[in-house]
Amino acid sequence: MTTTPPTTPPHPTPTPTPPPTAPADGANSPAGTDSPDSPAAAPRTPPPAGPDDAPPVSPETVRRFLYREARHLDDREFEKWLECYHPEAEFWMPAWADDEELTRDPRTEISLIYYANRGGLEDRIFRIRTDRSSATSLPEPRTGHNITNMEITGESGGVVDVRFNWFTLYYRYQTVDTYFGTSFYRVDFSGDAPLILAKKVVLKNDYVHHVVDVYHV
């Protein structure tokens with residue numbers, strides 16, 4: 001008499017887990033969940049894919065670029081200043097919702113300045129150049145930008161996240177005003193010339209008596 005061994009039941013097939021769903025545009029973005037001084041609070045724009053073998057960007061290289069951008073503003077070389085920005089660069093200066101919290105989404109909340117891409121900056125410069133701006137009627141203002149405490153907070157494939165403190169002296173109508181704050185940049189150094197991909201400016205003294213413009217910060 002032949003005995004048939006018991007049949008081992010097959011293992012159940014595991015159910016595949018669906019990939020996580022990406023949040024909607026602007027939802028749960030770093031700019032909306034971190035404090036204004038957090039490195040993650042800056043660029044809302046994701047970095048482009050760069051070469052994995054790109055050499056590291058030195059702090060001195062970053063500083064030279066930041067100084068050059070500021071110099072273009074002080075010398076009113078606005079066309080050269082625009083060349084520092086990628087065509088899709090986002091420029092954002094959130095407003096203070098109260099004394100401790102910044103607004104979190106420029107598309108649904110008030111901002112002191114917001115341009116979704118360089119086209120908005122180009123329009124702003126056109127208005128400055130053609131005196132179509134209440135903030136830039138004659139006499140032209142004089143500015144002096146100063147940059148301190150620059151830190152590289154992230155880097156991947158030649159794309160660098162940077163934060164730094166700044167203050168600007170502004171002279172007009174025989175009066176000197178001071179602006180100061182912290183800026184967060186994402187800059188692509190992988191090409192022929194560095195390009196700003198995203199710029200977030202936190203203005204610390206936002207109680208001002210006139211319009212704040214791009215050359216103040």
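The values are calculated or read from the model by the stated rules, or taken from the named source; none is laboratory data. Owing to the predicted nature of the structure, the values given are computational and were not obtained by experimental measurement. Cβ coordinates were reconstructed from backbone atoms using ideal geometry, including for glycine residues, and neighbour counts include every protein chain displayed. For accessibility, only protein heavy atoms count, side chains too; no ligands or nucleic acids. Shrake-Rupley method; radii C 1.70, N 1.55, O 1.52, S 1.80 Å.
Structural remarks
- Kirkwood Rh, Cα atoms: Rg over Rh of segment 106-185: 1.03
- Here the accessible area is traced with a 1.4 Å probe on the protein chains. For segment 95-217, carbon and sulfur cover 46 percent of it.
- Heavy-atom surface of segment 60-156, accessible at 1.4 Å and reported per residue (Å²): 56 Å²
- Separation in nanometres of the label points that stand 7 Å from Cα toward Cβ, at D206 and S111: 1.3 nm
- What the Kirkwood sum gives for segment 140-217 is a hydrodynamic radius of 13.9 Å, with every pair of different alpha carbons counted.
- Built amide H within the under 5 Å cut-off of L102, gap 5+: A97
- Under 5 Å from the amide H of T153 lie the amide H atoms of D161, V162, R163, each residue being 5 or more positions distant or on a separate chain, with H modelled from the backbone and absent for Pro and chain starts.
- Label point distance in nm, T148-E60, each placed 7 Å from Cα along Cα→Cβ: 2.3 nm
- Simple spin-label estimate for R68 and F126 in nanometres, 7 Å along Cα-Cβ: 2.7 nm
- Neighbourhood charge, 10 Å Cβ-Cβ cut-off, centred on R71 and excluding it, Lys, Arg +1 and Asp, Glu -1: -2
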